[in-house]
Ligand code: URA
Ligand code: CA
């Protein structure tokens, strides 16, 4: 087989065979296909798209390019959740205990992530003593015992995706539905998921800025999942403003604990019920989404999800007392209140800008070796549609001195207040099964 023929076929709009796609991915992985040919094929895919069969084959070829996590000793259907970006998204911390308390095993492999705030791992490590260095055996045992464990990334998962992603980044081919969908799905499958629930964000703070693009991405991923034998469901959720109120690591852990106590922000709680009900259905513990939602609300209301969160923290060496004393989590030295400069109604809250403001305070990292300041971040006081009086607090900036002025001015600029009374945006924009 010659790579030039594969490129030509896709350039002219043809469908690649399984063998052609496997040849490409093997050549990327072992380095025998040069970057210029790989780039030409990526650009052809960008313009000519891929059909369902091609997408599924590409996904599984990327899975097969590296290691797979062996979770075969775990009982039950392993359900994983993936959110495409988002700002202040604390759902993983809440969904783990919620879904586990319903009897669905959650075996989470989690990374540190670049961006506005840390990844799930950074957030968990704001709990004193918590560690993610489990052996595979300990990991499996804990999932069987508690239904919930989180481990750091290990093994050489989807090396082909890593190489392709780096190439896409410098060849203007990141934003392609078949390439994004296969990239995300290959990582979930390599990490051992039997079933997958996707939360595709839409809006200003998201990767996909319009509902139409978000729907196309969600449909592409659901199509791949179902084609390769992983039950996959998706929701399209709003990211035109940050989810919940907190953006920051320890601040988000506090918000997660409050939510597990039934005292969390309405939008965050609602999204967790929506996603949790789908995970319970995908895990085979409920027949319908209504039944799933009842189960999730049940473990929230009777406190069993909160108890499970406590046992989970304890099992991984953390201080379980933080559940009753969230004030023991790392905290910033100073809280600066940001006040409205005029009265009116909140028109928009630039999710991305609030995320960047948190990053200026030190809540996130731009490169993988940077240190995160776990205590800092932003707690919004308002949502889109809320009424505000002049001088009323719109946000608290939790700071250790770095980036405070920048964060304050970004909040004033990006929490837009106007005279017009507006309705809050809907949280769920679509549902794909
Ligand atoms: N996230 C991924 O993991 N892959 C992509 O291609 C885009 C976003
Ligand atoms: Ca939040």
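Okay, here's what the table says:
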quantity: Residues located in segment 266-285, provided they are out of contact with any helix residue (DSSP H, G or I) (no Cβ under 7 Å at 6 or more places or on another chain) and within 16 Å of residue 380 (Cβ to Cβ); calculated: 266, 267
quantity: Residue within segment 73-80 that is part of a loop (DSSP other than H, G, I, E, B) and either within 22 Å of the chain's Cα centre (by Cα) or within 16 Å of ligand 1 (Cβ to nearest atom) (or both) present; calculated: yes
quantity: Residue check, residue 26 without any contact (Cβ under 8 Å) to a residue 24 or more places away in the chain and in a helix (DSSP H, G or I); calculated: no
quantity: Helices (runs of 4 or more DSSP H) contained entirely in segment 92-177, each with at least 1 residues that are within 16 Å of ligand 2 (Cβ to nearest atom) and at pLDDT 90 or above; calculated: 120-124
quantity: The one condition in (1) in contact with a strand residue (DSSP E or B) (Cβ under 8 Å, 6 or more places away or on another chain); (2) without any contact (Cβ under 8 Å) to a residue 60 or more places away in the chain that residue 72 fails to fulfil; calculated: (1)
quantity: Residue in segment 347-354 that is farther than 30 Å from residue 102 by Cβ, surrounded by fewer than 23 Cβ atoms within 10 Å (Cβ to Cβ) and at pLDDT 95 or above present; calculated: yes
quantity: Any hit, segment 81-99, residues being within 16 Å of ligand 1 (Cβ to nearest atom) and over 23 Å from the mean Cα position of the chain (by Cα); calculated: no
quantity: Any chance residue 324 is surrounded by fewer than 16 Cβ atoms within 10 Å (Cβ to Cβ) and free of Cβ contacts under 8 Å to residues at least 12 places away in the same chain; calculated: yes
quantity: Per-region count, segment 400-430, residues farther than 20 Å from residue 89 by Cα, touching a strand residue (DSSP E or B) at 6+ places or on another chain (Cβ under 8 Å) and not in a helix (DSSP H, G or I); calculated: 9
quantity: Single residue of 144, 156 found to be surrounded by fewer than 20 Cβ atoms within 10 Å (Cβ to Cβ), within 23 Å of residue 312 (Cα to Cα) and away from ligand 1 (no atom under 15 Å from the Cβ); calculated: 144
quantity: Which listed residue, of 203, 192, is away from ligand 1 (no atom under 14 Å from the Cβ), farther than 22 Å from residue 432 by Cβ and either touching a strand residue (DSSP E or B) at 6+ places or on another chain (Cβ under 9 Å) or free of Cβ contacts under 8 Å to residues at least 60 places away in the same chain (or both); calculated: 192
quantity: Flag for residue 46 being over 21 Å from the mean Cα position of the chain (by Cα), modelled with pLDDT under 95 and either assigned to a helix (DSSP H, G or I) or crowded, with 21+ Cβ neighbours inside 10 Å (or both); calculated: no
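The values are calculated or read from the model by the stated rules, or taken from the named source; none is laboratory data. Here the structure is a predicted model, which means the values were calculated and not measured. Heads up, the Cβs are rebuilt from the backbone with ideal geometry, glycines too, and the neighbour counts pull from every protein chain shown.
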